[in-house]
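Notes follow once the structure below has been shown.
The values are calculated or read from the model by the stated rules, or taken from the named source; none is laboratory data. Predicted model only: the values in this text are computed from it and were never measured. Reconstructed Cβ throughout: ideal geometry from the backbone, glycine too, with neighbour counts over all protein chains shown.
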Amino acid sequence: MAIKNVTVAGGGVLGSQIALQSAYCGLNVTVWGRTDASLERAKVRLERYAKTYEDVLEATKADPSVRARGLSDEGAAPEELDALKAKVAPALAGIRLTTDLAEAVADADLVIEAVIESKDQKTDFYNMLAPLLPEKTLVVTNSSYLLPSLFAEATGRPEKFMALHFANDIYRGNTAEAMNHPGTSQETYDAVVTFAESIRMIPICLHREQFGYLLNSLLLPWFGAAENLWADDVADPQTIDKVWCLALDAPRGPFRILDTVSLPTIYAVLQSNPDAHNPEHVKYRLAQKLKEKIDRGETGLLAGKGFYDYTDDAE
């Protein structure tokens, strides 16, 4: 089936990126949020990412190495880049925001679930969603770690459900990990992979379910080691990042990336780990330190402060 109408459930860090990228590529996009306040936050995120798109496209004219794969083709001429830049504002303006879930999915070809990384909250969402969906609608979860088989029955359409996980900064790191569960139909899988290609993503096709998919399976040990060093007061985040960047000639260390992911997302994932509830374990100490930062409003890049202070817009 051809996917033209996309509903993104959740306008958080990744939900807002998926929505803008889909709109930039010419699809009709609706963002659903639980509250007006959550949609206001989504609007701010969308505007910020739209400005990034325009800046990157403009910079590519002077320096082609700046090019982001999700925005333009290699070797695009200046006039082509200008035309692409001119698409950004209308794409942003065309995204519909609503708190009415029935309205949001009334004509959806695809619903992309990007709600908080919590098994219970995702299950509750699917139970609410299932009776509202048109027969045609495919559903994917953008979960970072949770397997689609956990939610397949709650969707009411297991054969039309799977996972499609995006990386942060999807306009630049344009991967989309396609992971089915045993009940996903081949037709659904093929349609979702085609959708990913239509929004300039490179589909990463998994053969079976895997906790953490591919990217996060690779990143998790790295993040975990860095987090444990901080939780046990071995070094501060900036020092841990420094040794990583200097020794490996990397542009960003783990805590810079965690700021992009957002601390509430990291904390939500951590809560599913039994060790995070054992006062004798380092993961418990990590959870406490993350909670302290979140309670202070230091939730990451988009909040202006996380492990780093971004209030001067300088990374």
- prompt: Restricting attention to segment 187-202, does a residue exist that is under 30 Å from Val56 (Cβ atoms), modelled with pLDDT of 95 or more, touching an Asp or Glu at 6+ places or on another chain (Cβ under 7 Å) and assigned by TED's automatic domain parsing to the domain that holds Phe125?
  reply: no
query: Scanning for something among the small types (Gly, Ala, Ser) and modelled with pLDDT of 95 or more, does segment 118-128 turn up at least one residue?
result: no
If you go through Thr265, Thr299, the only one that is polar (S, T, N, Q), touching a Leu at 6+ places or on another chain (Cβ under 6 Å) and within 27 Å of Ser38 (Cβ to Cβ) is Thr299
| message | Would you confirm, using the coordinates I've provided, whether Leu302 is at pLDDT below 90, assigned to a helix (DSSP H, G or I) and farther than 18 Å from Ile116 by Cβ? | response | no
Restricting segment 247-275 to residues that are in a helix (DSSP H, G or I) and farther than 20 Å from Arg296 by Cα, the one nearest to the chain's Cα centre (by Cα) turns out to be Pro254
Considering segment 58-67, residues that are out of contact with any Asp or Glu (no Cβ under 8 Å at 6 or more places or on another chain) and not charged (D, E, K, R), and then whichever is surrounded by the most Cβ atoms within 10 Å (Cβ to Cβ), we arrive at Thr60
State whether the residues of segment 46-68 include one that is at pLDDT 95 or above, basic (Lys, Arg) and not in a helix (DSSP H, G or I).
-> yes
Determine whether Thr184 is in a helix (DSSP H, G or I) and touching a residue at least 12 places away in the same chain (Cβ under 8 Å).
no
Considering residues that are under 17 Å from Pro203 (Cβ atoms) and surrounded by fewer than 23 Cβ atoms within 10 Å (Cβ to Cβ), the number found within segment 150-169 is 1
Going through (1) on the phi > 0 side of the Ramachandran plot; (2) in a strand (DSSP E or B) one by one, His165 fails only at (1)
So Val115, is it under 20 Å from the mean Cα position of the chain (by Cα) and in a loop (DSSP other than H, G, I, E, B) | yes
Examine segment 41-56 for a residue that is crowded, with 22+ Cβ neighbours inside 10 Å, aliphatic (A, V, I, L, M), over 16 Å from the mean Cα position of the chain (by Cα) and over 23 Å from Ala163 (Cα atoms), and state whether such a residue exists.
-> no
When every residue in segment 215-243 that is surrounded by fewer than 15 Cβ atoms within 10 Å (Cβ to Cβ) and among the hydrophobic types (A, V, I, L, M, F, W, C) is compared, the one nearest to Gly183 (Cα to Cα) is Leu218
Those residues of segment 69-109 that are of a type in the set (Gly, Ala, Ser), part of a loop (DSSP other than H, G, I, E, B) and surrounded by 13 or more Cβ atoms within 10 Å (Cβ to Cβ) come to a total of 5
- Does Thr141 satisfy the condition of being farther than 26 Å from Ala37 by Cβ, hydroxyl-bearing (Ser, Thr, Tyr) and buried (at least 22 other Cβ atoms within 10 Å of the Cβ)? no
Return yes when Pro134 is buried (at least 18 other Cβ atoms within 10 Å of the Cβ) and either over 17 Å from Val193 (Cα atoms) or in contact (Cβ under 8 Å) with a residue 60 or more places away in the chain (or both) and no when it is not. no
Flagged in segment 168-179 as charged (D, E, K, R) and not in a loop (DSSP other than H, G, I, E, B), in numbering order, are Glu177
Exercise. Quick one: would you say Gly183 is surrounded by fewer than 19 Cβ atoms within 10 Å (Cβ to Cβ), of a type in the set (Gly, Ala, Ser) and in the same structural domain as Leu150 (by TED's automatic domain parsing)?
Worked result: yes
- Got at least one residue in segment 282-299 being part of a helix (DSSP H, G or I), among the β-branched types (Val, Ile, Thr) and over 19 Å from Asn168 (Cα atoms)? yes
When every residue in segment 215-246 that is of a type in the set (Gly, Ala, Ser), in a helix (DSSP H, G or I) and modelled with pLDDT of 95 or more is compared, the one nearest to Lys293 (Cα to Cα) is Ala231
